[in-house]
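A quick write-up on the structure given underneath.
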Amino acid sequence: MSQLYVIVLAIIVVVLLAVALYRTSLVKTKADYLVAGRSLPAIVLVLTLLTSWIGAGSLFAGAENAYKNGFAALWQPAGGWLGLLLIYFIAPRARKFAQFTLPDLLEARYNQTARVLGTFAILFAYIGITSYQFKGGGDVLHLIFPDTVTPELGTFIIAAFVILTTALAGMSSVAYMDVAIGTLVTVICIIAAPYLFLQAGGWAGLHQSLPAQYFEPLGNYRLGPGGVRQSVGMGVVRGLEFLVPTMLLMLGNQVMYQKFFSARSEKDARISVIGWTLGTLLLETLIVAIAVFGRALYPTGEVALHPREIIPYTARHGLPAVLGAVLLGAVFAKVISTASNYLFSPATNLVNDVFVRYISPGASNKRVLIVSRLAVVLLGCWALYQAVYAESILKKMLWAYTIYSAALTPVVLAAFYSKRVTAWGAVAAIGSGTVVTLAWDLPGVRALFPTILAERDAIFPALTMAVAAMIVVSLFTTAPKAEQLAQFGDQG
């Protein structure tokens, strides 16, 4: 059986390398590398958006959530679904703006300070996201080759492969690798989910094997310290701690905006959101379902100690050999894709928002490409360092989502939908959201907030501070100029 897994992984690796090498031959300019020459059609956008969004955060953190809480884990992807409803209207505006990075947007609408602070917030958040992709990929390789590859060694192997393929062709490589990966993952999950459902005994078998709360809207979210069952309201708050960061990351996600900047036209950008929405609804639901079915089949043993591994573990032990090998290969490919997207995005920030903007404004295309690839390598090493020392993928995911959601999403939405938010209001929001998130777990910080906030994860305190700062400072500073507002469409 191990030979079958080797064959499947080898095919995936060869295909991804072939795509990367071919796309590398087409990269000649900065625009080719950073936004794929602004040439991506709607179908490519759909698959690259879907593949970049659903990675280790869904396949490992989301699956761990489902293993512990049942179908209540859908609170997490529901945040993405709600975000997509708004993104349908944002996408054509983003393509019309048509720059290279989110800090481009921040400077155009606000000022250079907002650009710099936004760059740092993105670096912290996206390198955190990249790090747990590496860690999740290491888990997959360990499950495939338990006697030869430790999780730590697997993490190093995944990191090396991602850094190499991402550095080669930039957005062009990332987007077209996503086409193959997105198709593979969607098809195999559609096949695997009903098979595992029958293996678990259908609904009757699931109800017999799983705790009753696994079928309740709040799952175990109502359990407090010591396993004491708390009020419905506290359960809803816990559910929102998964939903809100996911929704806000979706709305302000630089990876998404870079894909829209890469679109062939505004029409392609808007059409892609429809396909992305349908694909996300389907795939996220299937991932949660597979994890819940896996919990019914494997409630004890090794996977109970490491519930984040439930999907690759179920693929290895609960499916026929060929189907299991393909699903495991798809998980492997998905992690690589998401890691590539979230590694490439902050590298773009360093190049476009620091190097070209402040260090070498007149740099040639050749020099920009060299620096871009060097940035990918350096940030990849930083992500690898974090991956080695990360304890929980779920905890790391929530931290990364929070810093981005609180610091950036409010000011990004204000850029498109508010005439009154000022440059210094945006600076105050980005700074306060970042600082509160980074400092939240330091001794004494929580004591500064009311008890209702101090007892929660960082998302609500950080978001509260960021929005309050944005509103208050905007009220006392000069309103933006008409030419700044004109770049972002009609605003109410």
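Each reported figure results from applying straightforward, stated rules to the coordinates on display, with no laboratory input. Every value quoted in this text rests on a predicted model; they were computed, and no experiment measured them. Neighbour counts are summed over all protein chains in view; Cβ atoms, including those assigned to glycine, are modelled from backbone coordinates with ideal geometry.
Details
- Near-label residues of segment 357-382 by backbone N, under 15 Å of a point 7 Å along Cα→Cβ of ALA160: 381
- Each of SER265 and ALA468 was given a label point 7 Å from its Cα along the Cα-to-Cβ line. The distance between the two points is 4.8 nm.
- Distance from the alpha carbon centroid of segment 199-253 to that of segment 387-459 works out to 23 angstrom.
- Working ranking of peptides 70-77, 149-156 by packing, defined as the average number of other Cβ atoms within 10 Å per residue, highest first, is 70-77, 149-156.
- Among the listed pairs LYS267/LYS481; LYS267/LYS396; LYS395/LYS419; LYS396/LYS481; LYS267/LYS334, those with a Cα-Cα distance over 30 Å are LYS267/LYS396; LYS395/LYS419; LYS396/LYS481.
- Two tests apply to each whole DSSP H helix in the chain, Cα reach of 27 Å or more along its axis and mean Kyte-Doolittle hydropathy of at least 1.6, and the ones passing both are 2-24, 151-199.
- When each of the peptides 418-430, 337-349 is scored by how many other beta carbons lie within 10 Å of its residues on average, the order from highest to lowest is 337-349, 418-430.
- Other residues with beta-carbon under 11 Å from the beta-carbon of THR119 carry, at +1 per Lys or Arg and -1 per Asp or Glu, a net charge of -1.
- Cβ-Cβ FRET estimate between TYR88 and ALA486, R0 fixed at 25 Å, reported to 0.05: 0.65
- Local electrostatic count at PRO480 - Lys and Arg +1, Asp and Glu -1, tallied over other residues with Cβ under 11 Å: +3
- In segment 2-392, Cα pairs under 8 Å separated by at least six residues give a relative contact order of 38 percent.
- Spherically averaged projected area in nm², based on the convex hull that wraps the Cα atoms of the chain: 22.2 nm²
- The alpha carbon centroids of segment 305-339 and segment 147-161 are separated by 15 Å.
- Taking a straight Cα-Cα cut-off under 18 Å and skipping sequence neighbours fewer than 8 places away in the same chain, the aspartates and glutamates within cross-link reach of LYS366 are ASP32, ASP353.
- Rounded FRET efficiency, nearest 0.05, which uses the C-beta distance separating ARG367 from GLU152 and R0 of 45 Å: 0.80
- Packing, as the average of other Cβ atoms within 10 Å across residues, places the peptides 364-375, 180-191, 295-306 in the order 180-191, 364-375, 295-306, highest first.
- For segment 382-464: rounded, prolate or oblate by the Cα gyration tensor [a/c cutoff 1.5]: oblate
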